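Below is one structure, written out as structure tokens, with a few remarks after it.
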Amino acid sequence: MVIAIVAQISLWIWFLGCTVTYKIGKRLLVEGMGLKSAEFIVLCLYSLGLAAFHCLQPAGKWILFGILTLWFVVQFMCHWFYTIFGASERKLQGYNNCFRDCIRIFPMSGTRLIPDMYHIVLHILILINIILCFI
């Protein structure tokens, strides 16, 4: 249970970066989109899922699982789908321009969409939380 709580808090704090900007020194980790963004709505949904998980057992784990799964599918379709199957030149340019200043583990590609470090960690944290819903 402690591991699940640590993972949940880690994901919440990490994803808060999509609402407020996170920097490491002078390097951009993620640029926040603010309170009037789709990212903030997802953060609120995740917060509600966490509340349900901790207050409405056993149904709460299914609520949180549903939110996390939907969130992961959306993230997959926005990032990894294009990494695996390729992206149009327009999509690739738009993505690379949007995340050009972000910290990267792997360099940008002219032929494949390569997620930045923030999104790679975000997706790993979402998957960890999906798994921990049932442990």
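Exposed loop sites were defined as trypsin sites (Lys or Arg not before Pro) in DSSP loop states (anything but H, G, I, E or B) carrying at most 11 other C-beta atoms within 10 Å; in the chain the longest segment without such a site runs 37-99. By how many degrees, 0 to 90 and rounded to 10, does the Cα axis of helix 38-55 deviate from the longest principal axis of the chain? Taking the Cα atoms of the chain, the angle to 38-55 is about 20 degrees.
Between helix 117-132 and the chain, what is the angle of the helix's C-alpha long axis to the longest principal axis, kept within 0 to 90° and rounded to the nearest 10? Relative to the chain, helix 117-132 is tipped by roughly 20 degrees. Taking R0 as 30 Å, what's the FRET efficiency between Ile135 and Leu35 from their Cβ-Cβ distance, rounded to 0.05? Rounded to the nearest 0.05, the efficiency is 0.35. Only lysines eight or more places from Lys26 in sequence, or on another chain, were considered; those with a Cα closer than 26 Å are Lys36. With the Kirkwood sum run over all distinct C-alpha pairs, the chain has a hydrodynamic radius of 15.7 Å. Evaluated with a Cβ-only charge set (Lys, Arg +1; Asp, Glu -1), the chain carries a dipole of roughly 220 debye about its Cα centre, given to the nearest 20. Shape analysis of the range 1-47 based on the Cα gyration tensor places the equivalent ellipsoid semi-axes at 21, 16, 5 Å, largest first.
From helices alone, the chain scores -19000 deg cm²/dmol at 222 nm; the rule is -39500 (n - 2.57) for each run of n ≥ 4 DSSP H residues, then divide by the residue total. Could you state the number of Å between the C-alpha centres of the range 1-72 and the range 85-103? Here the answer is 24 Å between Cα centres. The eigenvalues of the Cα gyration tensor, multiplied by 5 and square-rooted, give the range 56-117 an equivalent ellipsoid with semi-axes of 31, 13, 9 Å from largest to smallest. If the label point is 7 Å along Cα→Cβ of Gln93, which residues in the range 110-134 have backbone nitrogen under 14 Å from it? Inside the label zone: 110-111.
Bear in mind these aren't lab numbers, they're just calculated from the coordinates by the rules spelled out. The structure presented is a predicted model; accordingly, all values stated were derived computationally and were not measured. We place every Cβ from the backbone using ideal geometry, glycine too, and count neighbours over all the protein chains shown.
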